[in-house]
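Worksheet for the structure shown next.
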Amino acid sequence: MRHLMSPLDFTTQELDRLFDLADDIEKNPGRYTHACEGKKLATCFYEPSTRTRLSFEAAMLNLGGSVIGFSDASSSSASKGESVSDTIRVISCFADICAMRHPKEGAPMVAADRSSIPVINAGDGGHQHPTQTLTDLLTIRSLKGRLSNFTIGLCGDLKFGRTVHSLINALVRYEGIHFIFISPEELKVPDYITDMLKEKNIPYEEVIRLESIMPRLDFLYMTRVQRERFFNEEDYVRLKDFYILDKTKMALAKEDMLVLHPLPRVNEISVEVDDDPRAAYFRQVQYGVYVRMALILTLLDIHVD
């Protein structure tokens with residue numbers, strides 16, 4: 001039995017196989033409509049989510065399986081004080097696989113240690129968001145045809161953004177990646193990330209102005225400034241509108257540059273950018289369903305002929 005706690009739990013070779021499966025699911029969805037008949041996915045979400053939870057549920061339903069679970073802690077026995085360890089032991093009696101989101105870092109790992117079914121980390125605090133990273137990697141591979149030799153700018157909340165941390169850790173395993181970090185001083189990428197890049201001799205830059213580096217980017221990964229990660233409202237209000245991507249900034253970019261965003265957005269990408277063919281964030285959502293379908297099949301060890 002296998003769990004997914006981090007994108008690094010899979011080797012690059014295993015990721016290639018996972019993405020090949022996701023590609024086949026995209027091209028031949030009818031082959032997979034009964035693959036998980038009789039199987040149940042439990043979605044245990046201790047904090048709110050729209051895209052991730054519904055993406056997991058859509059993935060399982062597309063595979064012919066069914067879904068049980070809860071969408072926030074107040075509707076679970078956690079509100080009565082039940083531990084994550086006890087919850088997963090109970091869930092293991094009802095379901096075949098579990099996707100868990102939790103505000104506390106490491107909670108899905110605690111669940112995995114006690115679980116008798118595969119557990120997928122669907123986001124734990126500001127730590128990891130591995131299935132978003134798999135979505136990002138599949139999107140990049142599908143739209144560019146490769147996972148190597150490009151420059152990616154990561155913009156916005158780089159301090160608290162778990163999607164950013166996961167993506168950086170995943171991309172360092174591929175050749176020729178150049179990182180440009182775009183953020184205000186207060187939201188810089190953590191030292192442990194830059195220390196890791198230095199140790200691996202991977203090039204990176206830290207800049208404040210988005211306009212200054214737009215012409216050099218192959219990908220721009222935008223993130224929102226997350227209110228829930230701030231200790232006080234004043235800091236959030238001061239920084240939330242620091243970067244807004246609009247048509248003027250897009251005019252500085254390459255014709256084949258692509259904009260990614262883990263969503264939800266607030267106002268960091270103007271709606272006027274949505275019609276630009278380089279805006280890939282809604283296509284990214286669809287790739288998220290394909291990769292979660294492939295992940296469910298892989299962790300349940302289900303093979304479709």
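What follows draws every value from the coordinates through simple rules; no lab data is involved. This one's a predicted model, so the numbers in the text were calculated from it and none came from an experiment. Positions of Cβ are backbone-derived with ideal geometry, glycine not excepted, and every protein chain shown enters the neighbour counts.
Quick look at the values:
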quantity: Residue-averaged [θ]222 nm for the chain, counting only DSSP H segments that reach four residues, each worth -39500 (n - 2.57); calculated: -11000 deg cm²/dmol
quantity: Efficiency of FRET between GLU82 and ARG31 - r from beta-carbon atoms, R0 45 angstrom, step 0.05; calculated: 0.70
quantity: GluC sites (Glu not before Pro) restricted to DSSP loop in the stretch 119-209 with at most 12 other C-beta within 10 Å; calculated: GLU175
quantity: Cα-projected label distance for GLU205 with ARG173, points at 7 Å along beta-carbon direction, nm; calculated: 2.8
quantity: DSSP bridge pairs, the chain: antiparallel proportion in percent, nearest 5; calculated: 5
quantity: Computed lengthening from HIS303 to SER66, 0.36 nm per intervening residue step minus Cα-Cα distance; calculated: 83.5 nm
quantity: VAL271 paired with GLN286, simple spin-label distance in nm, labels 7 Å along Cα-to-beta-carbon; calculated: 2.2
quantity: THR248/MET196 FRET efficiency (R0 41 Å; Cβ-Cβ; nearest 0.05); calculated: 0.75
quantity: FRET efficiency for GLN13 and GLU185, using Cβ-Cβ distance with R0 set to 25 Å, rounded to 0.05; calculated: 0.05
quantity: Net charge contributed by nearby residues that have their C-beta within less than 12 Å of GLN286 (K/R +1, D/E -1); calculated: +2
quantity: Per residue convex hull volume, Cα atoms of the stretch 158-224, in Å³; calculated: 89
quantity: Links that overshoot a 32 Å alpha carbon limit, given the list LYS144/LYS249; LYS27/LYS159; LYS198/LYS247; calculated: LYS27/LYS159; LYS198/LYS247
